[in-house]
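Asks: What follows is a single structure, and I will ask about it in a moment.
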Amino acid sequence: MIKRYLLAPGPTPVPPEVLLAMAQPVIHHRAPEFAQLFGEVREELKWLFQTANDVLILAASGTGGMEGAVSNFLSPGDRALVVNGGKFGERWGKLCKTFGVQVTEIKVEWGQAVDPQQVADALKKDPTIKAVYVQASETSTGVAHDVRALAEVVRPLEGTILVVDAITALGVFDLQTDAWGLDVVVTGSQKALMLPPGLAFVSVSEKAWTLADKARNAAFYFNFKKERESQVKNQTAYTPAVSLILGLRAVLKMLKAEGLAEVFGRQARLAHAMREGVKAAGLALFPKQSPSDALTAVCAPEGVDGQAIYKNLRVQYGITAAGGQDHLKGKIFRISHMGYADTFDIITAMAAIEMVLKGLGYPVTLGRGVAKAQELLMVKG
Ligand SMILES: *Cc1c(COP(=O)(O)O)cnc(C)c1O
């Protein structure tokens, strides 16, 4: 037997109480019990998103929410600014092109965060840009972009919205949707929200709804206006993922009991211990600045194949992590600590990384990274 540990940046582990909640019999989505459940989770989602606006719940993976965040706000021929600092930034560009949107791309070197001044300059140069698309946490590189600073740039512009892919950010670190002025915030169920894949969530500001009124792109399933009409009445336009929404209620209850600040505190503590542990083991972090607290991207040491590290973690020790994508394949590996994670997920990951590296012939002293993580995570007293 080999015990399995899911430490990939999505899907992430689902807590037992959430699994149990999802095992309840399916409720009919037009029955009053569903409206009651839907009303409850809608309210709690506003708390989680730190917004007074409605948060739409869609039966889709995160990309479905991203697609809607393009098609509902822009028309063919409209202009958008895309921050592309990795695989998911690239996806914003592809989505825009699919819907006939003219894209200006800010290419950010993988491992770096975007300089908000560059966004300000691009918007000044082309005032016809209607939307700025960015990741709060670029999962392919482990970097967090400073969306608060970007919101300061975009907020004063009457005809431009800021659209944030917060799929590995919301529920990991502070993201003040209304206070900062994040117009559209997208997340998914299977990352920090501790659920199986299958739900996307999107908050929309008044400014963005105004833009939606003028948009002429085709959207049938991901039609946000139609969804809002139903969802404000605690209904959905089409059949919702009822079982996942039962799980969502359990997740929101857990997060509420812990408290938002405490959740962010735990996530930050785990991320810090992971990063320091990795460094103590003699390895280098991939992000050159602004690492995301959702996951740690680690450089494979000279002469060691990053894919072999990732593969041996899984095959030898039952740990599913992630490798690098595109030109980073073989160069980095990634460990997630978002969502249902605590002290011993970090210790387990750290210990296994050391064992795998030693197994691959790399000269690590076993226990250095683990000791560092232990020091940082132990409860004093
Ligand atoms: C996982 C992820 C997505 C895509 O989500 P899917 O659920 O696979 O569609 C988009 N953006 C980021 C930053 C992600 O981490």
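Asks: Between the range 251-278 and the range 297-329, how many Å separate their Cα centres?
Replies: 25
Asks: Now a separate question. With the cut-off at 21 Å, tell me which of the pairs LYS124/LYS207; LYS87/LYS372; LYS87/LYS331; LYS3/LYS256; LYS191/LYS256 have Cα atoms farther apart than that.
Replies: Beyond 21 Å: LYS87/LYS372; LYS3/LYS256.
Asks: Apply the a/c threshold of 1.5 to the C-alpha gyration tensor of the chain and tell me whether it is rounded, prolate or oblate.
Replies: It is oblate, given that a/c is not under 1.5 and a/b is not larger than b/c.
Asks: Let me ask something else. Working from Cα positions, state the angle (0 to 90°, nearest 10) between the long axis of helix 87-98 and the longest principal axis of the chain.
Replies: Its long axis makes an angle of about 30 degrees.
Asks: Turning to a different aspect of this structure: Can you tell me the orientation of helix 306-317 relative to the chain, as the angle in degrees between its alpha-carbon axis and the longest Cα principal axis, to the nearest 10?
Replies: 70
Asks: Helix 343-359 versus the longest principal axis of the chain: what angle, 0 to 90°, nearest 10, using Cα atoms?
Replies: 50
Asks: Moving on. Would you mind pulling out the separation of the Cα centroids of the range 6-81 and the range 360-381, in Å?
Replies: The range 6-81 and the range 360-381 have Cα centres spaced 37 Å from each other.
Asks: If you don't mind, another one. Is it possible to state the helix-based mean residue ellipticity at 222 nm for the chain, with each DSSP H run of 4+ residues giving -39500 (n - 2.57), the sum divided by total residues, to the nearest 500 deg cm²/dmol? What is it?
Replies: The helix contribution divided over the chain gives -13000 deg cm²/dmol.
Asks: Under 8 Å for C-alpha pairs, at least 6 residues apart: give me the relative contact order for the chain, rounded to a whole percent.
Replies: 23
Bear in mind that the values in this text are calculations on the coordinates, not laboratory data. Everything quoted here is computed from the prediction, not taken from an experiment.
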